[in-house]
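Chemist: Can you keep this structure in mind? I'll have questions shortly.
The values are calculated or read from the model by the stated rules, or taken from the named source; none is laboratory data. Owing to the predicted nature of the structure, the values given are computational and were not obtained by experimental measurement. Heads up, the Cβs are rebuilt from the backbone with ideal geometry, glycines too, and the neighbour counts pull from every protein chain shown. Ligands, DNA and RNA are stripped out before the accessible areas are found, and what is left, the full protein with its side chains, is counted by its heavy atoms. Shrake-Rupley method; radii C 1.70, N 1.55, O 1.52, S 1.80 Å.
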Amino acid sequence: MPELVYPPVITAAKTMFRVLDLRLTVEGSHHVPRTGGAVLASNHVSYLDFIFCGYGAHESRRLVRFMAKHEVFAHKVSGPLMRGMKHIPVNRSAGAGSYNTAVEALQRGEVVGVFPEATISRSFLVKELKNGAARMAQEAAVPLLPVALWGTQRLWTKGRPKTLTRRHTPITILIGEPMDPTAYPDATAMTAELKSRLSALVDRAQREYPDRPSGDDTWWQPASLGGTAPTLEEAVELDRRARRKSTA
């Protein structure tokens, strides 16, 4: 079927990049295969990460089908767009169906985007990863590529006001070398290696980032690098409180 929705959305996103004069740095885009299935496994620091992770595959002319929570598909505005771009809804009460849909897409030669941390990292460091990305890569026999994003949190992240009109923001997109699923005995081992590679890429992106926080604008830098973002332990507690509040 022809792609009627995805190309105009990409054009709109690229227009946004130009209007805001975002300073995009993309490295490793050549790792994304031009044909055949692949899993892109990205860290998660912003509600906009899917846009920039998908942009990383643009050079290879691939359209990434992202796995996203079911609620996004139920929204009257985002729902039709998500379905039109053939993204994959994740219903946490029926996760097997979402997983099978993703594997089938990979076997058809699609590129599937996954955020294996499951939620945005408030600490901006890589949290523990779910093993779904590795399991999908192994079952579909496709490569798994780690993707590090940095700078996107300055536009819109959890617990901070949106700054979607912020101009001249540097955005870093680093795509690591493909991981061969046959090189790992199981999904647990592959996930451990993914976390190691992803953490290294994120650390590099953070340390090489051209802007440095100053004054009151230190919230977007990890505490380990001198910023005032929560530590991993503090972020866990903040997430726990947010879950309790949402179910109260």
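Chemist: From the set of residues in the range 87-124 that are over 23 Å from VAL45 (Cα atoms) and in a loop (DSSP other than H, G, I, E, B), which is least open to solvent (accessible area, probe 1.4 Å)?
Modeler: Taking the candidates together, the pick is GLY109.
Chemist: Pull up the range 162-200, narrow it to residues that are without any contact (Cβ under 8 Å) to a residue 60 or more places away in the chain and touching a strand residue (DSSP E or B) at 6+ places or on another chain (Cβ under 6 Å), then point me to the one that is nearest to GLY132 (Cα to Cα).
Modeler: The qualifying residue nearest to GLY132 (Cα to Cα) is MET179.
Chemist: Quick check on my filter: what residues within the range 120-153 are under 28 Å from THR231 (Cα atoms) and either of a type in the set (D, E, K, R) or modelled with pLDDT under 95 (or both)?
Modeler: ARG122, LYS127, GLU128, LYS130, listed by residue number.
Chemist: Here's another thing I want to ask about it. Can you confirm whether the range 189-202 contains a residue that is open to solvent by 40 Å² or more (accessible area, probe 1.4 Å) and among the β-branched types (Val, Ile, Thr)?
Modeler: No, the range 189-202 contains no residue that is open to solvent by 40 Å² or more (accessible area, probe 1.4 Å) and among the β-branched types (Val, Ile, Thr).
Chemist: Name the single residue, out of those in the range 204-248 being open to solvent by 60 Å² or more (accessible area, probe 1.4 Å) and β-branched (Val, Ile, Thr), that is farthest from LYS162 (Cα to Cα).
Modeler: Across the range 204-248, the extreme among qualifying residues is THR247.
Chemist: Among the candidates PHE66, PHE73, single out the residue that is within 28 Å of ALA205 (Cβ to Cβ) and open to solvent by less than 30 Å² (accessible area, probe 1.4 Å).
Modeler: The match here is PHE66.
Chemist: Give me the pairs: first residue in the range 16-35 and closer than 17 Å to PRO210 by Cα and open to solvent by 90 Å² or more (accessible area, probe 1.4 Å), second residue part of a loop (DSSP other than H, G, I, E, B) and among the small types (Gly, Ala, Ser), beta-carbon distance under 9 Å, and six or more apart or on different chains, which are they?
Modeler: Close Cβ pairs (under 9 Å, with a partner that is part of a loop (DSSP other than H, G, I, E, B) and among the small types (Gly, Ala, Ser)) amount to ARG23/GLY151.
Chemist: Would you point out the residue of the range 125-168, among those that are assigned to a loop (DSSP other than H, G, I, E, B) and farther than 28 Å from GLU234 by Cα, that is least open to solvent (accessible area, probe 1.4 Å)?
Modeler: Of everything passing the filter in the range 125-168, VAL142 is least open to solvent (accessible area, probe 1.4 Å).
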